[in-house]
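Structure first, then comments.
The values are calculated or read from the model by the stated rules, or taken from the named source; none is laboratory data. Here the structure is a predicted model, which is why all the values come from computation and not from measurement. Note that each Cβ is placed from the backbone with ideal geometry, even for glycine, and that neighbours are counted across all protein chains shown. These accessible areas exclude ligands, DNA and RNA; they are computed on the full protein's heavy atoms, side chains included. Shrake-Rupley method; radii C 1.70, N 1.55, O 1.52, S 1.80 Å.
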Amino acid sequence: MPGVAVCHSWRAPGWGMLPKALACVCGRGEAGFAPGLPELSRPQTSLPRHLLLPLMPGRPLPEAAAAGGGARSSWPSPAGVCLPLSPSSAAILRGLAGGGMAAAPAVRPPRPAAQANPSPRTGARDQWSKKVDFLLSVIGFAVDLGNVWRFPYVCYQNGGGAFLIPYTLMAVFGGVPLFYMELALGQFHRVGAIPIWKHICPIFKGVGFATCVIGLYVSFYYNTILAWALYYLYSSLALALPWTSCGNPWNTPNCTSYFGRSNATWTPSSSSPKERTDGDVGGIRWQLLLCLILIFTIVYFSLWKGVKTSGKVVWVTATLPYVVLLILLVRGVTLPGAWRGIVFYLQPNWEKLTSTAVWVDAAAQIFFSLGPGFGVLLALASYNPFSNNCYRDALVTSAANCLTSFLSGFVIFSVLGYMAEMRGVEVEDVAKDRGPGLLFITYPEALANMAGSTFFAIIFFLMMVTLGLDSTFGGLEAVITAVMDEYPHILAERRELFVLGLLTVCFLGSLATVTNGGSYVVKLLEEFGAGCSILAVVLLEAIAVSWFYGMPQFCSDVKAMLGFSPGVYWQVCWVAVSPAFLVFIIVSSLLEQPPLTMFGYRYPAWSAVVGYLIGASSFVCIPVYMVLRLVWTPGSLKRFLPKRAARSELPFPEALRGRMGSPGDFSACGLGNASGG
């Protein structure tokens, strides 16, 4: 029926604490909350577009409904009829829900009559085809290359098994609460990292733009790491791995090959056949350029149609790494000397727990591993059904992430113990590489000295590619969702072109990383592109949600979705513990800034200045947006802050009387015109 729809739901999950008689406020054709009526769904705009007129038993349908056609006897017993609202009327209702019209953001104009039944692309928000698609996407994003290269190193460097104590505490009181908060925010508001601030605290909208800038910086270097892995995967297809001998153009003057030799002497100045010498940045290496083009092609065709395509790709990219990790674990623990590496990995050094640096490393590791603040969790959760149990999802996916990190330590250190046995040195002399060097130099060298080295090298680099693809899917989807939700009138019908343009920008930004000295550029971007800036972004997000949006409102949002409110533990973590946890990391990181080095090369002072400018360029979006918004928009500061007034609990007529006069005067709401005008 044109302009009118029957609603069978008394709940307004996306609309908080409206009076019960107003509780069915729905957007026609938006994402669904009306049980049994798929074409009715939860609003995607800032304001409601339709209003339920409750029907008492035995009452006839309103005239507008009868005009839609069809005998009244053919209608299922409705709770009411949804009539269109004009923007002005919707603002009044938003005032009832949030404390006044001043809090109401701008709305999109009413949809023309030709779009009364919108297509899935323009009207209804995409949803995951299956719950498993979402879980695999979140696990795939959280479990990335850092779980394999960073956690094992940080663990043994900070006391081995003793490090698990601060790591667990930081996860329980800092990482997991922030992870849960972002999933709940994304699922409730169903928008990306930029427009979500219209609902939380408008003056903090610059946080969303900062998140997108950080996502771009990460894509500039992260996809290059995948290109390296793809290049090594291709090189592993040879019968003899190319890094088993010293006769290669990239070898250093001190190259020492001990493969298949019992009399090779390893000295502190020796370098393995896997290590290479790079001069200046120089020209582009065409082999890496081709691999980078292939990586971006895979990413494009995985993201161009949204979660419907990426949700299928993660069935391979999120599960294959676990199969490979188990194969490498079984092979690793059966190697001679593997026990030396495992003991080195887990042997507790209790004295380390008295060091502040250990607790800082534990907090930073769990934070960067779970990944709140990048906008990915907001974006992925925004495609969930409204009543999805995001609480359980947060616990399952964060537990899977932490256990994967722990398992990766056995995979890495069993092989490093084998390397130490072959070289005749201590494990700590072998396990000196931190970061990509562990994956691209140390571990491949160990694989080359095994029986069946070609097979293990192939599956290892294949695992790296799939691990990285999941994370780059999530990072870029966060930017895509944020921008498209902010400018739907421009981009809703042009997702494929927008994704192509975004990936083109990322590709051009990555060109400096595929040069002869590109690994040094990658190190610079890795250190500064998403360092303290992302920590500051999450700190502001936690403060804005807990202190400005308000814990009572956020808890009521969660209760509307899940049927229960978060407990005292979660609320205390969100209000105090998690922000303190982030301040602790930021201050410690700023006070302790070691010189940037890589492979014995110390970066010049000017490169550190460039790095700080990169980090500041994203964070500066926040104060710049605040200032511009305050200067350009008339009114007081209160206009940009969320309203904290108590919600009306009066029945429908009494709730309207104080604002619109007679409860029957629907013309005050703009309901006199059935077309929504």
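A few comments on the model shown:
- Extreme residue, nearest to Ser408 (Cα to Cα), among residues of segment 447-474 that are touching a Gly at 6+ places or on another chain (Cβ under 9 Å) and open to solvent by less than 20 Å² (accessible area, probe 1.4 Å): Leu467
- Residue match in segment 413-423 (condition: in contact with a Ser or Thr (Cβ under 9 Å, 6 or more places away or on another chain), under 23 Å from Asp470 (Cβ atoms), open to solvent by less than 50 Å² (accessible area, probe 1.4 Å) and not hydroxyl-bearing (Ser, Thr, Tyr)): no
- Condition check for Gln187: open to solvent by 10 Å² or more (accessible area, probe 1.4 Å), of a type in the set (S, T, N, Q) and under 19 Å from the mean Cα position of the chain (by Cα): no
- Contacts under 9 angstrom Cβ, first residue in segment 446-468 being on the phi > 0 side of the Ramachandran plot, partner in a helix (DSSP H, G or I) and surrounded by fewer than 24 Cβ atoms within 10 Å (Cβ to Cβ), 6 or more apart: Gly452/Arg331
- Matching residues in segment 455-470 - criterion: being touching a helix residue (DSSP H, G or I) at 6+ places or on another chain (Cβ under 9 Å) and not aliphatic (A, V, I, L, M): Phe456, Phe460, Phe461, Thr466, Gly468, Asp470
- Under the condition of being under 19 Å from the mean Cα position of the chain (by Cα), aromatic (Phe, Trp, Tyr) and over 21 Å from Leu562 (Cα atoms), the residues counted in segment 135-184 number 1.
- Flag for Val172 being more than 17 Å from Thr356 (Cα to Cα) and either of a type outside the set (S, T, N, Q) or outside any helix (DSSP H, G or I) (or both): yes
- Among the conditions (1) in a loop (DSSP other than H, G, I, E, B); (2) open to solvent by less than 10 Å² (accessible area, probe 1.4 Å); (3) of a type in the set (Ser, Thr, Tyr), the only one that Tyr383 does not satisfy is (2).
- Qualifying residue in segment 302-315 (condition: more than 22 Å from Gly501 (Cα to Cα), open to solvent by 70 Å² or more (accessible area, probe 1.4 Å), in a helix (DSSP H, G or I) and hydrophobic (A, V, I, L, M, F, W, C)): yes
- Filtering Val624, Val631, Val609, Val537 for residues that are over 21 Å from the mean Cα position of the chain (by Cα), surrounded by 13 or more Cβ atoms within 10 Å (Cβ to Cβ) and in a helix (DSSP H, G or I) leaves a single hit, Val624.
- Residue within segment 323-334 that is in a helix (DSSP H, G or I), within 24 Å of the chain's Cα centre (by Cα), closer than 15 Å to Phe473 by Cα and at pLDDT below 95 present: no
- For segment 344-354, the tally of residues that are out of contact with any helix residue (DSSP H, G or I) (no Cβ under 6 Å at 6 or more places or on another chain) and touching a residue at least 60 places away in the same chain (Cβ under 8 Å) stands at 1.
- Looking across segment 132-170 at every residue that is modelled with pLDDT of 85 or more and hydroxyl-bearing (Ser, Thr, Tyr), the one that is most open to solvent (accessible area, probe 1.4 Å) is identified as Thr168.
- Ser405 being hydroxyl-bearing (Ser, Thr, Tyr), out of contact with any Leu (no Cβ under 8 Å at 6 or more places or on another chain) and open to solvent by less than 10 Å² (accessible area, probe 1.4 Å): yes
- Note on segment 435-472: residues that are hydrophobic (A, V, I, L, M, F, W, C) and closer than 30 Å to Tyr217 by Cα total 15.
- From Ala400, Ala394, residue being part of a helix (DSSP H, G or I), of a type in the set (Gly, Ala, Ser) and surrounded by fewer than 22 Cβ atoms within 10 Å (Cβ to Cβ): Ala400
- Exactly one residue out of Ser565, Ser546, Ser556 is open to solvent by 20 Å² or more (accessible area, probe 1.4 Å) and assigned to a helix (DSSP H, G or I), and it is Ser556.
- Any hit, segment 356-365, residues being surrounded by fewer than 17 Cβ atoms within 10 Å (Cβ to Cβ), without any contact (Cβ under 8 Å) to a residue 24 or more places away in the chain and not polar (S, T, N, Q): no
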